[in-house]
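Visitor: Please see the structure below; I have some questions.
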Amino acid sequence: MQFDDLYREMIQDHYRQPRNKEPIDTKSQGAALDNPSCGDRVALKIEWDDHDRIKSIVFDGEGCSISMASASMLTEIMSGKSRAEAVETAAKIHRIFRGEEPAEELEAYGDIISLQGLVQYPVRLKCATLAWQTLDLLLGAEAS
Ligand code: ZN
């Protein structure tokens, strides 16, 4: 199907040319999580501005194309968001990934629509959600 090819292209594009990827020393900054079933590792780091908006968000890590593409897409989605918007958007995307809301709604968030097909595949979904779980960790930790 045509859409599958398009989506595969979008995933590969983020995998080969990741957005906002730079080294993160997770001992002193950010948060990181592993997905042992696939060998993926994602680290995230957020810098907030004076108005509690995301000034910069970068990721680091290694793993399969889906885990890296999802992290790359996450940084694009979250750039410039307020803390409340970030929490709300992350919750929404988790609900979509869990199948509680229609996968088509990912379209509102840009390239991440390319991951919509994964909702039916729990194993690959773990790869896609890794970055989002890492973000939860960061938002939760930073909010306290
Ligand atoms: Zn993976």
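Visitor: Which is assigned to a loop (DSSP other than H, G, I, E, B) and modelled with pLDDT of 95 or more, of E88, E76, E100, E105?
Guide: On the way: E88 fails: assigned to a loop (DSSP other than H, G, I, E, B); E76 fails: assigned to a loop (DSSP other than H, G, I, E, B); E105 fails: assigned to a loop (DSSP other than H, G, I, E, B).
Within the list E88, E76, E100, E105, the selection yields E100.
Visitor: Sticking with this structure for a sec: Do you know which residues across the range 99-140 are free of Cβ contacts under 8 Å to residues at least 40 places away in the same chain, open to solvent by 50 Å² or more (accessible area, probe 1.4 Å) and touching a Ser or Thr at 6+ places or on another chain (Cβ under 9 Å)?
Guide: Selection gives Y109 alone.
Visitor: Next question. State all residues of the range 15-35 that are touching a residue at least 12 places away in the same chain (Cβ under 8 Å) and either farther than 15 Å from E62 by Cβ or open to solvent by less than 70 Å² (accessible area, probe 1.4 Å) (or both); if no residue qualifies, say none.
Guide: Scanning the range 15-35 gives P18, R19, N20, I24, T26, Q29, G30, A31, A32, L33, N35.
Visitor: Let me ask something additional. Restricted to the range 36-73, and to residues that are in contact with a Gly (Cβ under 7 Å, 6 or more places away or on another chain) and in a strand (DSSP E or B), which residue is most open to solvent (accessible area, probe 1.4 Å)?
Guide: Residue satisfying both the conditions and the ranking: R53.
The values are calculated or read from the model by the stated rules, or taken from the named source; none is laboratory data. Keep in mind that what you see is a predicted model, and the values were worked out from it rather than measured. No Cβ is skipped: glycine too gets one built from the backbone with ideal geometry, and neighbour counts run over all protein chains shown. What goes into the accessible areas is simple: the full protein's heavy atoms, side chains included, and nothing from ligands, DNA or RNA. Shrake-Rupley method; radii C 1.70, N 1.55, O 1.52, S 1.80 Å.
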